[in-house]
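The values are calculated or read from the model by the stated rules, or taken from the named source; none is laboratory data. Every value quoted in this text rests on a predicted model; they were computed, and no experiment measured them. All Cβ positions, even for glycine, are placed from backbone atoms using ideal geometry, and neighbour counts span all protein chains on display. Each accessible area value is taken on the protein alone, full model and side chains, heavy atoms only, with ligands, DNA and RNA left out. Shrake-Rupley method; radii C 1.70, N 1.55, O 1.52, S 1.80 Å.
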Amino acid sequence: MHPSTERAGERHPRHPGRVKPLALSALALVLSAGSLGAQAALDTYLRGSFSAVVNWPLIPMHVVLLPDGRVMSYGSDGQGNQTGQFTYDVWDPSKGTAAASHLTLPNTTGTDTFCSGQIVLPASGAVLLTGGDKTVNGVRNYSVNDVNLFDWRTNSLYSAQQPMAFLRWYPTVLTTAAGEVLVLGGRADPNTPAPTPEAYTEGVGWRSLTSAISDDAYGIRNWSYPRAWQAPNGKVFIATIWGGTYYLDPAGTGKIEATPLALSEGDVYLPSVMYSPGKILALRKFNKAVVVDITGAAPKATRVAGVGQDRYHASATVLADGKVFVDGGSMVSNVANGVAYTAKIWNPATNGWSNAATAAKMRLYHSASLLLPDGRVLTAGGGAPGPVTNLNAEIYTPPYLYKQDWTATLATRPVITSAPTTAAWGSTVPVTLNASGVSKVTLVKTGSATHTVDFDQRFLNLAYTASGTKVNVTLPASARVAPPGNYMLFVFNSAGVPSVARIVKLG
Ligand SMILES: [Cu+2]
C-alpha cells in the first residue's frame with residue numbers, strides 16, 4: 001500500500017487557500033471513510049488518472065511506437081526472466097488491453113535483444129535494434145554487435161546483413177538531421193566500453209566515426225545509454241553523468257569537442273528530456289534539476305526546482321501539450337526504498353512541478369514509459385532484476401483529456417478528419433477538423449524508450465492559421481530542430497483538449 005499521508009500535506013494547486021481548514025478536515029473524514037470515488041472526482045482534472053493494472057506478455061523494458069501507432073516491446077520472457085532471445089510483443093492500443101490486443105511473436109534471429117538499443121528508422125519506418133546481450137560460460141551481460149530489423153508491415157523481426165563494427169550492450173541510438181542513425185556508447189564486455197560512435201544509413205550501411213572516439217563522452221566514463229540529442233546547430237549534444245558536455249559533429253569520420261558547460265552530477269538512471277527545440281530538462285543527483293539550453297552559441301544551464309526527491313529509474317515523457325510527465329523511480333537505485341508512486345508534471349511555462357495521479361505499481365529498473373497517439377502514456381514494466389517482476393502496465397490519462405471541472409469525466413475531443421501523411425520542412429499543410437476552434441497545434445516525435453531514456457523524443461509547438469474547421473499548419477523549418485522521421489500531430493480545441501494524433505512523416 002502507498003502511504004496515504006502522501007496526500008495529506010498537499011494543497012490544491014489551482015485554488016490555494018480557498019479551502020478552509022474546517023472544510024479540509026471534513027474532506028479528510030470523507031476520504032478516510034473510504035470514499036475514494038469522491039476523491040478521484042475531486043482532483044482528476046488536475047492530476048489525470050492511471051488505469052487499472054493490465055497484464056503484459058513480457059516485461060516491456062524496451063518500448064517503441066511503430067509508424068501505425070502500435071507499440072513493440074521486448075526485454076524478458078513470459079516469466080519475467082532477463083532475455084530478449086525468445087519473444088517480443090506488438091500491442092495495438094486501439095484494441096484495448098486484453099490478451100487479444102497483443103501479438104506476441106517468436107524472436108527467430110538468434111539475438112538476445114535484452115538491453116539493446118532500438119529506434120524507428122526515418123526512411124522505411126522499420127525498427128533498428130542495435131546490439132544486445134550474450135551469455136558466455138553461463139554468465140549473462142556480455143555483448144553482441146548484431147543488428148536486427150523489425151518490419152511493422154509484416155510483423156517480422158530479421159537479422160540485418162551487416163553487423164556493427166563494435167559489440168554493444170546499453171547503446172544509445174538517435175536520428176540525426178542528416179537522416180542517419182547514430183549509435184553511441186554501450187560496452188563490449190563487462191570491462192570494455194565501446195567509445196567509437198557508428199552511423200547507419202538505410203540502404204548504405206554502417207560507418208565508424210574513428211575521429212570521434214571519446215572515453216569521456218560515451219566511453220569508460222559515460223558508456224551506459226549516453227544522453228544525446230540532435231542540436232539546433234547541426235551537431236549532436238551530449239550530457240554526461242559526470243557533468244561534462246560535448247558536441248559531436250557526425251559528418252565524415254566525426255569530430256568530438258567539449259563545451260565549457262559543466263553540469264552537476266547526474267546518473268545513468270535519471271532521465272532527461274528535450275521538451276522544446278534545444279531545451280532539455282535534466283534530472284540530476286540529490287533532487288536537482290536543470291534546464292540545459294543549447295539554442296545559443298554556447299550551451300548554458302539554469303537550475304530549476306527538483307522533482308521532489310531522487311527518482312532513480314523514473315521515466316520522463318513529454319506530453320502532447322509540451323509538459324513533462326515523470327513517473328516511477330525510488331530514492332535508492334532499484335531498491336524499494338522511498339518509492340515514488342505519485343507521478344509529477346513539469347510545466348515549462350513556470351518551471352514548476354505539480355502532482356499527477358498515483359500509480360499502483362513501483363516502476364524501477366527496466367521500466368519504461370511512452371506517449372501514445374491518443375495522448376495517454378503507457379507506463380510499464382520493471383524488474384529482472386529488482387524487487388518486482390512487473391509483467392504489467394498502467395496507462396496514464398493526462399489532465400488535458402478530462403473536462404476541466406470536478407466530474408472526472410472525459411472531455412469531448414476534436415477529431416482530425418484529414419491530414420497529410422508526409423510533409424516537408426517549412427511547408428504549410430492543410431488539416432481539417434470535425435469542429436471549429438483551435439488553441440494549439442503540436443508535433444511530438446514518436447518515442448522509443450528504455451532504461452530512463454527516450455531516444456529521439458522531442459516536442460515542437462507549430463504555427464498555424466485556422467478558419468472554421470480548416471487549419472493550415474506550418475511544419476518546423478529545419479531537420480536540425482526536427483530530424484526526419486515520424487511525428488504525432490496533435491490539434492487542441494479551444495478547451496485545450498487534444499485530438500488523437502495523426503502520424504506524419506517528416507522528410
Ligand atoms: Cu538493462
Does SER264 satisfy the criteria of being at pLDDT 95 or above, touching a strand residue (DSSP E or B) at 6+ places or on another chain (Cβ under 8 Å) and open to solvent by 50 Å² or more (accessible area, probe 1.4 Å)? no
Could you check the range 480-502 and list, in sequence order, the residues that are open to solvent by 40 Å² or more (accessible area, probe 1.4 Å) and among the β-branched types (Val, Ile, Thr)? VAL500
Of everything in the range 55-72, what is closer than 30 Å to THR422 by Cβ and either β-branched (Val, Ile, Thr) or more than 16 Å from the ligand (Cβ to nearest atom) (or both)? Give them in sequence order. VAL63, VAL64, LEU65, LEU66, PRO67, ASP68, GLY69, ARG70, VAL71, MET72
Is there any pair linking a residue in the range 77-105 that is under 16 Å from LEU391 (Cα atoms) to one that is in a helix (DSSP H, G or I) and among the hydroxyl-bearing types (Ser, Thr, Tyr), with Cβ under 8 Å and at least six apart or on different chains, and which? TRP91/SER101
Top-ranked residue of the range 318-334 - restricted to ones that are under 18 Å from the mean Cα position of the chain (by Cα) and within 16 Å of the ligand (Cβ to nearest atom), ranked as surrounded by the fewest Cβ atoms within 10 Å (Cβ to Cβ): GLY328
Among the residues that make up the range 284-294, is at least one of them in a loop (DSSP other than H, G, I, E, B), aliphatic (A, V, I, L, M) and touching a residue at least 40 places away in the same chain (Cβ under 8 Å)? yes
Got a sec? Which strands (runs of 3 or more DSSP E) wholly within the range 402-507 have at least 1 residues that are touching a residue at least 40 places away in the same chain (Cβ under 8 Å)? 416-418, 428-433, 440-445, 448-450, 459-461, 470-474, 485-492, 502-506
Which listed residue is out of contact with any strand residue (DSSP E or B) (no Cβ under 7 Å at 6 or more places or on another chain), within 16 Å of the ligand (Cβ to nearest atom) and either on the phi > 0 side of the Ramachandran plot or not basic (Lys, Arg) (or both), from GLY131, GLY80, GLY75: GLY80
Taking the range 50-87, which residues are touching a Leu at 6+ places or on another chain (Cβ under 9 Å), open to solvent by 10 Å² or more (accessible area, probe 1.4 Å) and of a type in the set (Ser, Thr, Tyr)? THR87
Can you tell me which residues in the range 220-245 are of a type outside the set (S, T, N, Q) and under 17 Å from THR295 (Cβ atoms)? ALA228, TRP229, ALA231, PRO232, GLY234, LYS235, VAL236, PHE237, ILE238, ALA239
Quick one: which residue in GLY203, GLY234 is assigned to a loop (DSSP other than H, G, I, E, B) and open to solvent by 60 Å² or more (accessible area, probe 1.4 Å)? GLY203
Members of the range 382-405 that are open to solvent by 10 Å² or more (accessible area, probe 1.4 Å), within 16 Å of the ligand (Cβ to nearest atom) and either modelled with pLDDT under 95 or closer than 15 Å to TYR341 by Cβ (or both): PRO387, VAL388
Name the pairs: first residue in the range 381-394 and more than 17 Å from THR358 (Cα to Cα), second residue among the charged types (D, E, K, R) and open to solvent by 10 Å² or more (accessible area, probe 1.4 Å), Cβ to Cβ under 7 Å, at least 6 apart or on different chains? VAL388/LYS361
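Residue by residue, here is whether (1) part of a strand (DSSP E or B); (2) within 16 Å of the ligand (Cβ to nearest atom) holds:
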position: ALA316; (1), (2): yes, no
position: ALA336; (1), (2): no, no
position: TRP346; (1), (2): yes, no
position: ARG363; (1), (2): no, yes
position: LEU370; (1), (2): yes, no
position: ALA380; (1), (2): yes, yes
Of everything in the range 34-50 that's of a type in the set (Gly, Ala, Ser) and over 19 Å from the mean Cα position of the chain (by Cα), which residue is modelled with the highest pLDDT? ALA41
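Find the residue count for the range 84-128, including only residues that are away from the ligand (no atom under 16 Å from the Cβ) and among the polar types (S, T, N, Q).
So the first thing to find is which residues in the range 84-128 are away from the ligand (no atom under 16 Å from the Cβ), and the list is 86-87, 89-110, 119-128.
Now drop any that are not among the polar types (S, T, N, Q), which leaves 87, 94, 97, 101, 104, 107-109, 124.
The total comes to 9.
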Scanning the range 163-193 residue by residue, those of a type in the set (Ser, Thr, Tyr), assigned to a loop (DSSP other than H, G, I, E, B) and more than 13 Å from the ligand (Cβ to nearest atom) turn out to be THR176
Given the structure, is ALA217 in contact with a Gly (Cβ under 6 Å, 6 or more places away or on another chain), among the aliphatic types (A, V, I, L, M), within 17 Å of ILE238 (Cβ to Cβ) and not in a strand (DSSP E or B)? no
